[in-house]
Amino acid sequence: MDGMVLVITSGKGGVGKTTTVANIGAALAALGRRVVLVDADIGLRNLDVVMGLENRIVYDIVNVMENKDLPVRKALIKDKRVESLFLLPAAQTRDKDAIKPEQMKELCEELRQEFDYVLIDCPAGIEQGFRNAVAGADLALIVTTPEVSAVRDADRIIGLVEAEGLRGPRLILNRLRPDMVKRREMMDIEDVLDILHIDLLGVVPDDEAIIISTNKGEPIAFDNNSKAGQAYRNIARRLEGEEVPFQSFDNPSFFQRLRQLVGMDK
Amino acid sequence: MALLDFLSRVLNRDEGSKETAKQRLQLVLVQDRASVNPHLLEELKEDLIGVISRYLEIDLSAMEINLESGGGDTVALVANIPVRQVRRSQQK
């Protein structure tokens with residue numbers, strides 16, 4: 001059966017698209033799925049360093065599109081940690097006009113024959129780079145943070161994605177800070193859903209472990225002890241069709257822990 | 001500082017900045033969505049004409065309808081619909 005092509009997009013830059021792509025990809029591959037990550041941010045190549053694969057690039061996405069004799073598989077970089085995870089890097093020395101939506105569509109069709117999931121890292125903005133990235137996708141995952149500017153841009157992107165004819169987009173709420181939500185100084189999950197009216201796919205807590213893992217080029221989804229890693233693994237399982245309850249990020253109170261201890265609470 | 005914050009919140013019944021964020025977003029999105037979707041205002045205009053025409057004869061060429069910031073924290077639907085004549089009997 002043909003694989004699914006997902007584009008990860010946000011409108012606003014800096015909300016964590018690339019980290020999201022790397023970690024959902026890693027988590028899906030860890031579940032045994034064949035996954036390819038496509039960096040569509042031409043000229044601002046980043047997914048390779050987040051994945052820790054920057055030293056192994058030979059060919060990039062523009063090489064593949066411009067050279068008919070170069071098969072895609074020769075440009076794919078195999079991940080060091082998981083068997084079934086691959087990366088198609090962006091070109092660093094070209095710009096967004098180096099590829100066309102039509103070429104992107106062909107590439108996605110080819111990749112979906114070989115992979116269960118094709119995850120496309122979309123550039124920020126709503127111009128040509130965005131249109132290229134969404135051209136071959138079935139479904140969009142919208143990444144936002146609980147901030148006014150990011151949610152506003154997410155709303156705009158949801159409209160554009162629907163206009164492109166993609167299936168109902170799903171939301172990933174990134175960098176939630178439970179302590180601030182508790183103090184009512186940050187919008188909560190319900191507040192953002194109230195405004196955007198789309199299905200929630202996952203909530204990723206703000207976690208300094210993400211910065212540390214990105215420093216090392218190790219996706220945090222491989223870290224079994226981190227809440228953010230757990231959040232990405234949950235997203236992967238939901239994409240697989242599993243019903244996974246949303247995590248609670250509150251630290252349990254003394255009494256809750258006591259009740260758990262004596263078995264009064266699950 | 002934290003204690004001061006806490007006290008001022010308890011004393012003032014402060015809602016926290018998240019309510020402000022949410023309200024500002026809801027207002028700005030009313031305008032964003034209307035400008036992204038110009039058909040929306042056109043369709044609303046057509047429907048309004050239909051309803052009003054049952055009671056009043058209006059000057060379609062001079063009719064104006066827009067979403068405007070009402071100042072502060074509101075967005076208003078502002079319509080200017082010149083009336084030519086009041087219909088004597090309501091058309092069914």
Cβ-Cβ FRET estimate between A:Gln113 and A:Lys78, R0 fixed at 25 Å, reported to 0.05: 0.90
Residues A:Arg183 and B:Asp32, FRET efficiency given R0 of 35 Å [Cβ-Cβ distance, rounded to 0.05]: 0.80
Inter-label distance for A:Ala209 and B:Gln23, nm, one decimal - labels placed 7 Å from Cα along Cα-to-Cβ: 3.8 nm
B:Ser61/A:Lys68 FRET efficiency (R0 41 Å; Cβ-Cβ; nearest 0.05): 0.10
Low-density loop positions, GluC sites (Glu not before Pro), the range A:1-97 - DSSP coil, at most 12 other Cβ in 10 Å: A:Glu83
Shape of the protein assembly as shown, Cα gyration tensor, a/c cut at 1.5: oblate
Contact order normalised by residue count of chain A, Cα under 8 Å, 6+ apart, percent: 24 percent
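All of the numbers you see were taken from the coordinates with simple rules; none came from a lab. None of these values were measured; they are calculated from a predicted model. Here Cβ is always computed from backbone atoms with ideal geometry, including for glycine, and neighbour counts include all displayed protein chains.
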